[in-house]
Amino acid sequence: MCRCNPRFPTRGIFVNQQPTRCGYIAIVGRPNVGKSTLLNHLLGQKLAITSRKPQTTRHNMLGIKTEGADQIVFVDTPGLHSGQDKAINRYMNRAATSAARDVDAVVFVVERARWTEGDQLVADKLSGIKCPLIIAVNKVDQLEDKSTLLPQLQALAERHPGAEIVPVSALRGVNLDALEEVILRHLPQGPHLFPEDQITDRSSRFLAAEIVREKIMRQLGAEVPYEVTVEVEEFVREDKILHISAAILVERSGQKRIIIGSKGERIKQIGTQARQDMERLFESKIMLNLWVKVKSGWSDDERALRSLGYRDE
Ligand SMILES: Nc1nc2c(ncn2[C@@H]2O[C@H](COP(=O)(O)OP(=O)(O)O)[C@@H](O)[C@H]2O)c(=O)[nH]1
Ligand SMILES: [Mg+2]
């Protein structure tokens, strides 16, 4: 897990006479249960990209929340994918599994009223962990009849004795205070590891590439998004404007045509939406330049993956 070059204790043992607390909390679960949505709403800021499709999150990412004496370092993870066939799937599973080790608590996200093979896969991986387990039962806003939740909560409690179970809606912000309170109880005393204003361990270039990928994940159906990666080639500030150029890499020329769209309409839309998100995140005017490049085999080639930033931490 990435206790990434913890820059040295940045805040000392007390804040306003309160002893400081700081800990790592991994957010795990199968794809699409709402892990990244939960991270964003706990942070109160959109940091991680989200969509209905698996593989939206491919890398572990830290989201850091500092409030008074407490610093929670969340680790958002890719969902565990059952397919091990491709190098990129193996990479995502390694990232998700390694994050659950060496943390102070794990938040296991599941969906209300649904327990799938994918959930079982995660539960099996978690069975050996030593740290406290918190189960967030997400998407309760989709339940018309809340009483249907009770049997599921009971079944979860039997399956995971000792776990604390909190029903939430990440998207609507329901019960997130209660979840945070449980998390805070497991935060060990100790100095803060990151400066108060740092919200992630990821670079601005990385976040920019992810925003472009989110728009592709959301706008394009079927297989295309799984064979796309984005590489930021230029990221410079000139006269208060941030100039960003990014290459969208695909496996096949047919996919390039789909992303560009008829008369370039699709890529224009992707660019407009991405630019709006970037302007919010970077609080700056943005000039965004996108282009599409065919790089066959990138998603199943260990060397290509590493050069594109898919590196184990
Ligand atoms: N109705 C509802 N949808 C949610 C909730 N949380 C997440 N979602 C949706 O579920 C989908 C997957 O979310 P995401 O955070 O990307 O899932 P992840 O793969 O676990 O990170 C997205 O379309 C979210 O908008 C929730 O509490 N209620
Ligand atoms: Mg995610």
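Every number here is computed from the coordinates shown, using simple stated rules; none is lab data. Just so we're clear, the structure is a prediction, and the values are computed from it rather than from any experiment. Because the Cβ atoms are built from the backbone with ideal geometry, glycine has one as well, and the counts that use them run over all protein chains shown.
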Review point. What's the tally of Lys pairs in the stretch 204-307 whose alpha-carbon atoms lie under 16 angstrom apart, where the two lysines are 8 or more places apart or on different chains?
Key: 7
**Study point:** Highest-fluctuation residue, Thr148, Thr20, Thr57 considered, GNM on the chain with Cα pairs under 10 Å
**Key:** Thr148
Review point. In the stretch 63-84, which residues have a backbone nitrogen under 13 Å from the label point lying 7 Å from Asn16's Cα in the Cα-to-Cβ direction?
Key: 67-70
Point to revise | Debye, to nearest 20: dipole size of the stretch 169-208, +1 on Lys, Arg Cβ, -1 on Asp, Glu Cβ | key: 220 debye
Practice item. Determine the dipole magnitude for the stretch 218-313: charges of +1 sit on the beta-carbon of Lys and Arg, -1 on that of Asp and Glu, nothing else is charged, the reference point is the Cα centre, and the result goes in debye to the nearest 20. Key: 460 debye
**Study point:** Cβ-placed point charges (K, R +1; D, E -1), dipole of the chain about Cα centre in debye, nearest 20
**Key:** 780 debye
Point to revise | Chain lengthening between Gln269 and Tyr226 when straightened (0.36 nm per residue, less Cα-Cα) | key: 13.6 nm
Study note, to complete from the structure: Computed Rg/Rh for the chain (Cα atoms; Rh = Kirkwood radius) stands at 0.97
Point to revise | Radius ratio Rg over Rh of the stretch 245-284, counting only Cα atoms, Kirkwood formula for Rh | key: 1.07
**Study point:** Lys pairs, the stretch 14-185 - Cα-Cα below 26 angstrom, 8 or more residues apart or on other chains
**Key:** 17
Revision key, fill the gap. Between the residues Val107, Val232, Val292, the Cα farthest towards the positive end of the dipole of the chain, that dipole coming from +1 and -1 charges on the beta-carbon of Lys, Arg, Asp and Glu, is from Val292
Study note, to complete from the structure: Under Stokes-Einstein, the stretch 14-185 at 25 °C and 0.890 mPa s, with its Kirkwood radius over C-alpha pairs, diffuses with a coefficient in µm²/s of 150 µm²/s
Review point. Within the stretch 67-95, whose backbone N sits under 12 Å from a point 7 Å along Cα→Cβ of Gln120?
Key: none
Practice item. Give a quick list of trypsin sites (Lys or Arg not before Pro) in the stretch 19-53 that DSSP marks as loop, anything other than H, G, I, E or B, with at most 14 other Cβ atoms within 10 Å. Key: Arg52
Study note, to complete from the structure: The rounded separation in angstrom of the Cα centers of the stretch 168-210 and the stretch 21-44 is 7 Å
Point to revise | Difference of contour (0.36 nm per residue) and Cα-Cα distance, Ala178 to Thr97 | key: 26.5 nm
Review point. Going through the stretch 190-257, which trypsin sites (Lys or Arg not before Pro) have at most 11 other Cβ atoms within 10 Å and a DSSP loop state?
Key: Lys240
Study note, to complete from the structure: P(r) of the stretch 89-159 over all Cα-Cα pairs, 5 Å bins starting at 0, rounded to whole percent, reads 3, 14, 24, 24, 17, 11, 6, 2
Revision key, fill the gap. Note to self: C-alpha centroids of the stretch 46-100 and the stretch 142-164 sit apart, in Å, by 25 Å
